[in-house]
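These notes concern the structure reproduced below.
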Amino acid sequence: MKQLTMLAAAMLLIGTTATVHAQVIDKKALTLEAAKKIAAEADAKAKKARVVIAVVDDGGHLLLLERLDDTQVASVEVGVGKARTAAIFRRPSREFEEQIKNGRIAALALPGSTPLQGGIPISVDGKVIGAIGVSGETPAQDESIAIAGANALK
């Protein structure tokens, strides 16, 4: 009887291990080296722009921040917010600004959202692994610089 109990316990442990293993997935992650490459591409596009460039991981957590010379201090938080919005909602932050312009003011209540143009998701193999946010110039310039950075991994 004791051997039967031990056998049953071993079978249960093996079955549990297989179930837990089946629930684990592999995913790509944005590295600091990749974030530096993304920021460098955005910086090259920025030329003499006065912007903040923020790169975040897929959870919206800051990996890299550059505040170019003579950029307003307020752009730091805005740039990070744009990047975080693009990462956690997995779409350009511009989409939320457009929703609000079109009368969907409820978009203002989305937690963690900065509904301003200039945040672009960074994707690899169709999966968002992070985002870049740019702030300091016009909305179109910010977004153009962010797109250049996001395209660095393509």
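For the range 76-86, indicate whether the set of residues that are among the small types (Gly, Ala, Ser), surrounded by fewer than 21 Cβ atoms within 10 Å (Cβ to Cβ), at pLDDT 95 or above and under 30 Å from ASP26 (Cβ atoms) is non-empty. There is no residue in the range 76-86 that is among the small types (Gly, Ala, Ser), surrounded by fewer than 21 Cβ atoms within 10 Å (Cβ to Cβ), at pLDDT 95 or above and under 30 Å from ASP26 (Cβ atoms).
Going by the conditions given, is LYS47 modelled with pLDDT under 95 and within 16 Å of ALA146 (Cα to Cα)? Criteria met by LYS47.
Filtered by the rule that a residue be among the basic types (Lys, Arg) and free of Cβ contacts under 8 Å to residues at least 12 places away in the same chain, the range 123-154 gives a lone residue, LYS154.
When restricted to residues that are acidic (Asp, Glu) and either closer than 17 Å to SER123 by Cα or within 14 Å of the chain's Cα centre (by Cα) (or both), the range 33-89 contains 4. The residue that is surrounded by the fewest Cβ atoms within 10 Å (Cβ to Cβ), counting only those in the range 115-146 that are β-branched (Val, Ile, Thr) and under 13 Å from the mean Cα position of the chain (by Cα), is VAL124.
The values are calculated or read from the model by the stated rules, or taken from the named source; none is laboratory data. Computed from a predicted model, the values in this text were never measured in an experiment. Counting neighbours? That spans all protein chains shown, and the Cβs are built from the backbone with ideal geometry, glycine included.
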